[in-house]
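The values are calculated or read from the model by the stated rules, or taken from the named source; none is laboratory data. Because the structure is predicted, anything quoted here is derived from the model rather than measured. Reconstructed Cβ throughout: ideal geometry from the backbone, glycine too, with neighbour counts over all protein chains shown.
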Amino acid sequence: MEFCDLSAQYLAYKTEIDKTMASVIASTAFINGPEVKALEQELVAFSGAPYAIACANGTDALQVPLMALGVGPGDEIIVPDFTFFATAEVVSVVGATPVFADIDPVTFNITVDTIRPLITKKTKGIIPVSLYGQMPDLDAIASLAREHGLWVMEDGAQSFGATRGTRRSTSVTELATTSFFPAKPLGCYGDGGAIFCQDEALASRIRVICNHGQVKRYHHGVVGINSRLDSIQAAILRVKLRHFQDELVARDRVASLYTERLRGVVSTPVVGPGCFSAWAQYTIRVPNREKVQAHLQSKGIPTAVHYPVPLHRQEVFAHLGVTDERCPIASKASQEVMSLPMHAFLTEAQVDEVAAAVKEAL
Ligand SMILES: Cc1ncc(COP(=O)(O)O)c(C=O)c1O
């Protein structure tokens, strides 16, 4: 069994993908070609955010807006303690300080209550992550941010396609990002990412920074980076985007089946009222994780841990002096979470097999 079956997905769309890749190769428009422009328009239409800028990966998607906003030394940015490293890494890359917020024990996301005590005179912005595919209450976070004159950038690397109420992930806050890493809900065949924003001037600044700060050919207004999406990746993403809504429904069905089978056996994920998760991960909590993982492994069922070390305990952030007591919920979650195979092509029989193995292990 695959944790995320990218081969099954390729076989399902093979004709369309092979054709579009051949067409990009024949066109030789490999960088910033028409496929990239078309993808950006389709991302706008799908997400509901007014501007979308494709870039090289989900990490650059976070870093470039920080550069565009002039975030740097002396600034503090609030990020979750429990997320993939990149969310905090970019803050350090631009010379600012990440400040780790603890999470809600049910959704694993940061909340206004965990953010509020961390706001200081140095705070410039908040990067909430829509972890495992579910959006936090971004309206509440944005309203807290407004009170203090801060910006909010949703890290939607795991949640493209999710909704909260009527709005999609990446369309709610002034800035948002996603990742097209192959295993993400919408993934390409290499690295890829996108930045979403609500303001035209900021969108143009971001676009310039993604392309060496170039305002016109060989004229550089600011220092930027090289963060462009390859046309081949854009073409593949356009094919996958056509099937994306169906895949989201299929993932949600897999999640419901898991929850039905595992309810009362282990702590299963909870999706809040009015929320639809993109199910980047289906993550349960188990007390004796290593034993459960070993049992599933012995049955040929792969599992993963997202994430075994909270950010405050990462060696590189030791100098910040954040203790387990400051982030008790993230610390506990990092010891208990375990993700089960999740993708749109998982069958009911496979879900049964996984659930049976989890029950046996417990
Ligand atoms: C929450 C989060 N942020 C950022 C990233 C970085 O994305 P990428 O791997 O495309 O650079 C990831 C990818 O794993 C992620 O899960």
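The conditions of being loosely packed, with under 13 Cβ neighbours inside 10 Å and touching a helix residue (DSSP H, G or I) at 6+ places or on another chain (Cβ under 8 Å) are not met by PRO302.
Tell me yes or no: at least one residue of the range 111-123 is surrounded by fewer than 24 Cβ atoms within 10 Å (Cβ to Cβ), part of a loop (DSSP other than H, G, I, E, B), modelled with pLDDT of 95 or more and within 13 Å of the ligand (Cβ to nearest atom). So far as the range 111-123 goes, no, none of its residues is surrounded by fewer than 24 Cβ atoms within 10 Å (Cβ to Cβ), part of a loop (DSSP other than H, G, I, E, B), modelled with pLDDT of 95 or more and within 13 Å of the ligand (Cβ to nearest atom). So, of the residues in the range 87-105 that are surrounded by fewer than 22 Cβ atoms within 10 Å (Cβ to Cβ) and either in the same structural domain as ASP324 (by TED's automatic domain parsing) or within 18 Å of the chain's Cα centre (by Cα) (or both), which turns out to be farthest from the ligand (Cβ to nearest atom)? My answer is ASP104. Close Cβ contacts (under 6 Å, 6 or more residues apart or on different chains) running from residues in the range 43-70 that are over 15 Å from GLY213 (Cβ atoms) and at pLDDT 95 or above to residues that are more than 16 Å from the ligand (Cβ to nearest atom) and not in a helix (DSSP H, G or I) comprise SER47/ARG168; SER47/SER171; GLY48/ARG168; GLY48/SER171; ALA49/SER171; PRO50/GLN198; TYR51/CYS197. For the range 125-137, the count of residues that are modelled with pLDDT of 95 or more, assigned to a helix (DSSP H, G or I) and touching a Gly at 6+ places or on another chain (Cβ under 9 Å) is nonzero. Does the range 197-214 include one or more residues that are at positive phi and more than 16 Å from the ligand (Cβ to nearest atom)? Scanning the range 197-214 turns up at least one residue that is at positive phi and more than 16 Å from the ligand (Cβ to nearest atom). Evaluation of GLN281 against the conditions (1) touching a helix residue (DSSP H, G or I) at 6+ places or on another chain (Cβ under 8 Å); (2) in contact (Cβ under 8 Å) with a residue 60 or more places away in the chain; (3) farther than 19 Å from VAL129 by Cβ shows that the sole unmet condition is (3). Of PRO287, PRO269, all but one fail to be touching a residue at least 24 places away in the same chain (Cβ under 8 Å), farther than 24 Å from ALA183 by Cβ and either within 16 Å of the ligand (Cβ to nearest atom) or assigned to a loop (DSSP other than H, G, I, E, B) (or both); the exception is PRO287. Does the range 24-38 contain at least one residue that is away from the ligand (no atom under 16 Å from the Cβ) and either among the acidic types (Asp, Glu) or closer than 21 Å to VAL91 by Cα (or both)? Yes, the conditions are met somewhere in the range 24-38. If I filter the range 191-214 for residues that are more than 18 Å from GLN63 (Cβ to Cβ) and in contact with a helix residue (DSSP H, G or I) (Cβ under 7 Å, 6 or more places away or on another chain), do I get at least one hit? No, that holds for no residue. The condition (being of a type in the set (S, T, N, Q), over 22 Å from LEU241 (Cβ atoms) and either in contact with a strand residue (DSSP E or B) (Cβ under 6 Å, 6 or more places away or on another chain) or not assigned by TED's automatic domain parsing to the domain that holds THR303 (or both)) is satisfied by just one residue among THR59, THR83: THR83. Taking the conditions (1) under 18 Å from LEU69 (Cβ atoms); (2) touching a Cys at 6+ places or on another chain (Cβ under 9 Å) in turn, ALA145 satisfies each one other than (2).
When ILE119, ILE126 are checked against the criterion of being in contact with a His (Cβ under 9 Å, 6 or more places away or on another chain) and β-branched (Val, Ile, Thr), a single residue qualifies: ILE119.
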